[in-house]
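Trainee: First the structure, then my questions, so here it is.
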Ligand SMILES: [Zn+2]
């Protein structure tokens with residue numbers, strides 16, 4: 001199978017938003033917090049009572065009591081809810097109340113074996129704990145600006161609303177965002193993320209909505225038949241082409257950036273050297289060590305700058321390959337090039353290629369190095385390979401002009417498309433054979 005699929009499941013994360021201070025709202029939230037705290041402890045006590053009852057029942061009748069027969073509820077938490085509804089947390093919205101009871105009962109059930117062994121004691125909830133708010137209770141999320149959102153929270157029961165002279169239990173709140181939480185709220189609004197059951201809690205006198213959300217990370221299908229070719233070069237650090245879309249092209253980065261930076265730094269280096277030449281002994285300061293240090297620092301700066309750029313460019317390239325579904329990235333094998341003066345430049349390309357390689361492999365993309373010979377001289381349209389007489393087919397650095405089919409195209413794009421071809425080395429070899437035969441044939445007739 002050529003198709004490869006990265007398996008990704010749904011993820012749940014939480015993020016907190018401060019609920020903007022408002023005297024009445026904070027009072028209300030404090031009241032709910034208090035009621036829920038009492039409710040959870042009461043629910044725990046009732047669970048304990050039920051357990052004791054069922055033990056004595058089983059001792060007496062030889063079997064555990066059936067909660068459904070006795071109370072009409074399968075869920076013991078449902079039953080406890082019914083018992084508690086009459087007297088506790090009556091003003092709290094039903095979903096918050098029921099969820100809180102269920103949490104307490106479930107915790108008790110979970111803890112029971114350990115409680116029986118005497119390892120832990122029965123949970124007691126604290127006054128300052130958080131309380132649940134279900135996804136359905138959070139509605140009308142609206143962006144006011146990137147730092148402020150508004151929402152309606154269903155917090156009070158009809159009775160609770162009436163007590164407070166409110167029309168209903170829907171409370172308008174303002175949410176303050178920070179640390180990029182606005183991006184998540186935007187995605188919740190757009191539907192890209194789904195709101196999940198959340199909580200409201202208090203930290204240092206501030207109430208927070210602890211938003212839980214789920215999302216499915218982008219599904220990536222990588223096809224090994226889809227190849228991205230990466231051509232590294234002077235003017236444009238990297239040019240991209242693919243083997244399945246003849247219109248696709250991407251220029252990554254700007255070579256001028258590095259050249260400018262280098263020139264700037266080299267000029268500074270020169271100034272330091274000049275000042276060294278002209279400065280008298282007294283003004284040189286701490287001598288040669290300090291001055292060499294300054295020059296070293298400059299070389300380090302260039303290297304750092306290139307490294308940062310190479311990281312950015314490689315990340316962009318690999319993201320682009322993922323977006324295009326390319327299961328393979330092909331690049332020139334630069335290890336054979338060792339001409340003088342080009343060494344440093346080659347080293348920069350080599351680093352870029354290295355970064356591309358490990359980032360690609362992290363995404364499950366295969367990296368293949370191809371022989372760079374003739375990848376710039378081959379016409380990607382007709383396949384003709386130009387040998388010698390560069391002035392004709394490469395009139396300038398940017399242009400490739402095929403002398404066989406007259407095709408004109410950006411030279412880097414032409415190279416990138418050749419590099420993106422499967423089995424390009426063999427294709428070039430075969431084409432050279434054909435051209436050789438053809439020229440011999442022509443020669444024979446010329447003679
Ligand atoms: Zn051509």
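No value in this document is a laboratory result; all are computed from the given coordinates. Note that the structure is a prediction, hence the values are computed from the model and not measured. All Cβ positions, even for glycine, are placed from backbone atoms using ideal geometry, and neighbour counts span all protein chains on display.
Trainee: With r as the distance between the Cβ atoms of residue 22 and residue 212 and R0 = 22 Å, compute the FRET efficiency 1/(1 + (r/R0)^6) and round to 0.05.
Mentor: So, using R0 = 22 Å, E works out to roughly 0.40.
Trainee: With runs of 4+ DSSP H residues as the only contributors, calculate the mean residue ellipticity of the chain at 222 nm using -39,500 (n - 2.57) per run, divided by the residue total and rounded to the nearest 500. Provide the component values of the computation, followed by the final result.
Mentor: Working: 12 runs with 211 residues, N = 447.
Helix contribution divided over all residues of the chain: -16000 deg cm²/dmol.
Trainee: Label points 7 Å out from Cα along the Cβ direction at residue 323 and residue 407: separation in nm?
Mentor: 2.5
Trainee: Still on this structure, I have one more. Compute the convex hull volume of the Cα atoms of region 369-447, divide it by the residue count, and report the result per residue in Å³ as a whole number.
Mentor: 92
Trainee: Which shape class applies to region 79-157: rounded if a/c is under 1.5, otherwise prolate when a/b exceeds b/c and oblate if not, where a ≥ b ≥ c are the square roots of the Cα gyration tensor eigenvalues?
Mentor: It is prolate, given that a/c is not under 1.5 and a/b is the larger ratio.
Trainee: If neighbour count is taken as other Cβ atoms inside 10 Å, put 382, 402 in order from fewest to most.
Mentor: Going from least to most buried by this count: 382, 402.
Trainee: Taking the chain as the reference, fit the longest principal axis to its C-alpha atoms, fit the long axis of helix 181-190 to the helix C-alpha atoms, and give the angle between the two in degrees, 0 to 90, nearest 10.
Mentor: 80
Trainee: Additional query: How would region 70-213 be classified by its alpha-carbon gyration tensor: rounded, prolate or oblate, with rounded meaning a/c under 1.5 and the a/b versus b/c comparison settling the rest?
Mentor: Working: a/c = 2.17, a/b = 1.55, b/c = 1.40.
Prolate.
Trainee: Name all residues of region 90-106 having a backbone nitrogen under 13 Å from the label point set 7 Å from the Cα of residue 53 along its Cα→Cβ direction, giving them as ranges.
Mentor: Hits in region 90-106 for residue 53 at 13 Å: none.
Trainee: State whether region 119-183 is rounded, prolate or oblate according to the following rule on the C-alpha gyration tensor (a ≥ b ≥ c being the square roots of its eigenvalues): a/c under 1.5 gives rounded; otherwise a/b larger than b/c gives prolate, and the remaining case gives oblate.
Mentor: Oblate, since a/c reaches 1.5 and b/c is not below a/b.
Trainee: Just the Kirkwood number for the chain, please: inverse of mean 1/r across all distinct Cα pairs, in Å, one decimal.
Mentor: The Cα-based Kirkwood calculation yields 29.2 Å.
Trainee: Separate question: Given 0.36 nm per residue, what is the gain on full extension from residue 114 to residue 434 after removing their alpha carbon distance, in nm?
Mentor: Numbers: separation 320, 0.36 × 320 = 115.20 nm, distance 8.18 nm.
Extra length available between residue 114 and residue 434 comes to 107.0 nm.
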